[in-house]
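A short worksheet on the structure shown next.
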Amino acid sequence: MKLSTRFWMVKDAPTPVGPFSHATEQHGWVFLTGQMPTSPHDDNAPLPEGVAAQTTQVIDNLVLVLKGIGLGLEHVVSVRVFLTQFKRDYATMNAVYAAYFPPEKLPARTCIGATGLARDALVEIDFIAHRPTSGAA
């Protein structure tokens, strides 16, 4: 069986900080590259101040990628969160994160403390989503 992989670069999403696609897709499974709190309009803009503003920007960037490939937050099945200041920022990040997902439909999630992230960001988040097959609810 030949595997067919689609590599997605989304025009309206922020420019990747390294040599990778915004997302890859195979058999309906979509893996979104971790997003940074960078502006989709200006690669050189300073990062937002604080983990709340950075978490908002990161998730908004992920939503741009999802939208660019015809999906939404309702298709997200798993999330990984990376925090450079885990103890300090975990509760604040959670409060922002929770506003994006209905409490009865929360994706699986892992949250990891990291020693550093690109551009000295406080948070990075990646998603795994699943594209429904036609006729699926």
Taking the Cα centre of the chain as origin, work out the dipole magnitude from +1 charges on Lys and Arg Cβ and -1 charges on Asp and Glu Cβ, in debye rounded to 20.
420 debye
Neighbours of VAL17 by Cβ distance under 15 Å: Lys/Arg at +1, Asp/Glu at -1, summed charge -4
Please give the per residue accessible area of the chain, computed with a probe of 1.4 Å over protein heavy atoms only, in Å².
57 Å²
Please check: in the Gaussian network model of the chain (C-alpha springs, under 10 Å), which one of VAL65, VAL77, VAL30 has the largest mean-square fluctuation.
VAL77
Figure the gain on full extension for LEU106 and ALA91 (residue separation times 0.36 nm, minus the Cα-Cα span) and round it to one decimal in nm.
3.7 nm
Carbon plus sulfur, as percent of the 1.4 Å-probe accessible area of region 6-137, comes to 55 percent
In cubic angstrom, how much convex hull volume per residue do the alpha carbon atoms of the chain span?
121 Å³
What's the center-to-center distance, using Cα atoms, between region 1-42 and region 72-91 in Å?
18 Å
Taking H as built 1.01 Å from N, whose amide H comes closer than 5 Å to the amide H of THR33, not counting residues under 5 places away?
ALA23, THR24
What angle do you read, to the nearest 10 degrees and between 0 and 90, between the alpha-carbon axis of helix 86-98 and the longest principal axis of the chain?
50 degrees
Using 0.36 nm times the number of residues separating ASP12 and SER78, minus their current alpha carbon distance, what extension gain do you get?
21.5 nm
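The values are calculated or read from the model by the stated rules, or taken from the named source; none is laboratory data. Please read all numbers here as calculations on a predicted model, not as lab measurements. All Cβ positions, even for glycine, are placed from backbone atoms using ideal geometry, and neighbour counts span all protein chains on display. Side chains are part of the model used for accessible areas, which takes the heavy atoms of the whole protein and leaves out ligands, DNA and RNA. Shrake-Rupley method; radii C 1.70, N 1.55, O 1.52, S 1.80 Å.
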